[in-house]
Every structure is written in structure tokens, then in C-alpha cells.
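These notes are about the structure you will find just below.
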Amino acid sequence: DIYHDRTFNRAQVLEAAVVLLLTALGSVCRLSNSFIVAEGDAVHFFVASLAFLLLVRAASFTSRVGGFSTLAAAAAAVRLLMCNGILQGLGVSWVKEGSDDDGRGESGANNARVYYEPGDLSAVLVLGPLAMLPWVCHRTLAPVTGGGLRTVVATALAAVGARVLATGAGADALGRTAGQGAAEVLRAAAAGFLPWVIYWASSMAAMFLVPLTALQAGEVRFTVAIATHGIVWAVMLVLVLLSGDRGALWGLLATTQVACLVLAVTDGTGMVTHGGCVWREVTLTCALHVMALQMFYAGGHRCAFHGLHFACAFTGFTKFNFYLMGTLLAVNTWSGDLAVCSTLPAAAAANHLCYHHYFGYQLKGTSGGRRELGTFRNSLARFTLGYSLLRAIGVVVSTVFVAAARRHLMVWAIFAPKFVFEACGMCVSEILLVLAVMIASGLVGELPVG
């Protein structure tokens, strides 16, 4: 078994070195204008390479319990590879569909009015993930006493589904049976009332219900997991809403592949050394950084000012507000960073569990409780600082390249937009990382420990 003693530690270093190499290659390639244009395909290739590496690793060690952990890690790597392939196709079709008017016309990527013909494949790709989201939510959110968080998220998911159905074939069917007046009322509700239901439900879940629900767990691991899953689903509701008809598919694949990544990296390793735990942090941090870029391009975005999805900023609004519309546009544009930064505390908890076998046990009355909390906070700090460092490196490389190529013919068409997107993305990710650390550390600090 290669995952034992010194050979195990060398394997951890090798795995982290390969992921670091892929990340460094992506940063260095920003010095090429051809790479900037084809960066979307490159990051998908990096994620596929990582998935293949994890699949080979899962097949190279003996599991702890009858092959279950080996099978689970291998299956997670395969699912990660499949999600990456579907996301790449989704991003390509998204950009092509909105290339004529960049998401602002009738055929734009963010147009909410979508019509489906019987047997149309696009209807399956849109309505299928929309129907699966409640089941995934049911499997993700813990059934804690009270049920307020699940109820609010379920209500918001119902509003998302009703809005999709009310703007397409559902409204047409109602118009044929009950008259065009009823159909227009349904479309008006979908354009104005239902988005506000989602906004308020998401805000209520993130600010009030998630902390109250997480503190009922009484255990560090479960508290962090419940809080992270609750925040992810609270923000995912808004991301699905702003992303239009493809939002459900994007959200389903994004959450699935992040979960598969964490499972494939941490499951079945039997890690017992602190050094191996730190190297796993490096692997997860680099992989999540690349995955955030992958989600950016999978959402139909590109580093061009005319490629911004301006229509999403007006979802549920009829009057312009600079700060509110700017916030919604930033949330939609950097949705990948939002999804990844929201899951960092759960990734830190999952990796930390590999080092402390009793991390998930009840800490009240145990002598090592405070040491466990301190170790988890240090692990979370390394995750966030590492992610922030990788973001900063990308900005520095883009800055150097723009300064060196300031007289290039394509400086305003390719290089300057890339620099602006990198700088703004770093600012957004820093704000999200601070919020993630505050929420996770604050909730964990409220737990009673001995």
C-alpha cells in the first residue's frame, strides 16, 4: 500500500506538486494573448487533468474498509470529470447563443422568456436540473429541529421553478385554457413578484436561519457543514435566478463538482500526519482556484466588457439603481468565486477531519476541544490565505503583461479587459473570503468546549 509511512507522505507531496504545476502553468500562460483568448478551454483542461490524477490515485491504494473508500474516491473523480465536460459544453453554447447581442436581446443568454417544443433537448437540459435541485437540497441540508432553513430554501426553489414555467410553455398553456389575461398576470408575477420572493428568502436564510440552525448541531464538523451548505444554497438561489434558463443546470453541476472534488481528495486516504494534511490543503486550494475560473467560463462569461450579462442586473427591477444593479452584475459575473468561497470552510473541515480522528465527535466536556478548534481555525486560515495568494498572483501576472504590452495593437481589446476582470475578481473574492472566515469562526467560537 503506497499510502503508508514515508511513501504515503511522498505521495502527498507529489500530488500537491502536480496541482501546483497546473496552477503555475495557468498563471504563466497569461503572458500570452492567445492563451487569454482560449483561457476557458485551458481551465477546463486543467480540471480534467486534475480529475484524471485523482482517479489514478484512487486506483493505486488499498482501502481501509473493504474497498468502500477506494470506490467512493474513484466514483467522485469520475463524476468530477463528467461535470467538467458538461460545464465546458454549457459555457460554449451559452457564449455562442448570446454572441449576437451579448445577452441583451431576444436570443440573449440571460433572456428569461424561453419556449420549448415537445421533445426539445433544451427543455430536458433546463427543466431536468430544475426538477433535481429540490432533491439535491433535501440531501444536502441537514434535518435540524425546527426546519426553518429547509422551508425557506424550498419556498425559494419553488419560486425559481414557477418563474421558469411562467415565462415559457406554462404561460402559453395557461393562455390557451384560461385566456391571455391570466397568462399576462402570470408573466407579470414572474417578472416582478417571484424574484423578490427569492431575494428575501435568500437573505433571510443567509443572515438568520443558517446561524440558528448550525448552532443546534453542537459539534464542530457538523456546525461548519450545516453553515456552509446553508450559505451555499442561500446564494445559489440568487445565482440560478440571475443566470436565466441555464442557471439550474449550472448550479447543479457547480455544487456537484465541488463536492466531488473534496470527496475525491479527502476520502479513503487514512491520513494521520500533520504534514500530509497541509499538503492536502495545497491540493484543495489550487484545485478550487482553478475551478472558480472554470465556473466563470462555464457561466457564459468572457473577459470582455461587451460580454457582461447586463440583463441579469435588472431581474425583478424596473428602475435603475447604480449600487444595486452593480452588485447583482458582480454576483452574476463572479458567481464561480462566490460558489467556491462559500464552500471553503466545509473543505477545511473535511480535510481537517483526516488529521483529527475525533474532530467530528461531541466536544463538550473534552479536554482537547480547544486544541481542535484552534487547529481548525489555523487550517481555515491557510485555505483562505492560499486562495487569496493565488488570486493575487494572477493579478500581478496580468499587470506585468499589460505594462509590457501597453503599445500592443490588442491592448484595449484583450489585455486591458483581462487585467480589469482579474483585479475586480480579486476584490470580490477577498470580500467573500472575509465573510466566510467570519461566519465559520464565529459559529465555531459559540460552541461549548472543555
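The values are calculated or read from the model by the stated rules, or taken from the named source; none is laboratory data. No experiment lies behind these values; they were computed from the predicted model shown. All Cβ positions, even for glycine, are placed from backbone atoms using ideal geometry, and neighbour counts span all protein chains on display. To get the accessible areas, we keep the full protein, side chains included, count just its heavy atoms, and leave off ligands, DNA and RNA. Shrake-Rupley method; radii C 1.70, N 1.55, O 1.52, S 1.80 Å.
Of note:
- Residue check for Gly26: modelled with pLDDT under 80, assigned to a helix (DSSP H, G or I), under 20 Å from the mean Cα position of the chain (by Cα) and not acidic (Asp, Glu): yes
- Pairs where the first residue, in the range 193-218, is closer than 24 Å to Cys312 by Cβ and the second is open to solvent by 70 Å² or more (accessible area, probe 1.4 Å), C-beta under 7 Å, 6+ apart: Ala201/Thr155
- Leu212 in a helix (DSSP H, G or I), surrounded by fewer than 24 Cβ atoms within 10 Å (Cβ to Cβ) and modelled with pLDDT under 80: yes
- The combined condition, being assigned to a helix (DSSP H, G or I) and crowded, with 19+ Cβ neighbours inside 10 Å, is fulfilled by Met295.
- Among helices (runs of 4 or more DSSP H) entirely within the range 332-450, having at least 3 residues that are at pLDDT below 80 and either touching a Cys at 6+ places or on another chain (Cβ under 8 Å) or of a type in the set (Val, Ile, Thr) (or both) singles out 335-355.
- Qualifying residue in the range 69-86 (condition: at pLDDT below 75, out of contact with any strand residue (DSSP E or B) (no Cβ under 6 Å at 6 or more places or on another chain) and loosely packed, with under 13 Cβ neighbours inside 10 Å): no
- The one condition from (1) modelled with pLDDT of 80 or more; (2) surrounded by 15 or more Cβ atoms within 10 Å (Cβ to Cβ); (3) of a type in the set (A, V, I, L, M, F, W, C) that Leu21 does not meet is (2).
- Here Arg187 meets each of (1) at pLDDT below 70; (2) open to solvent by 10 Å² or more (accessible area, probe 1.4 Å) with one exception, condition (1).
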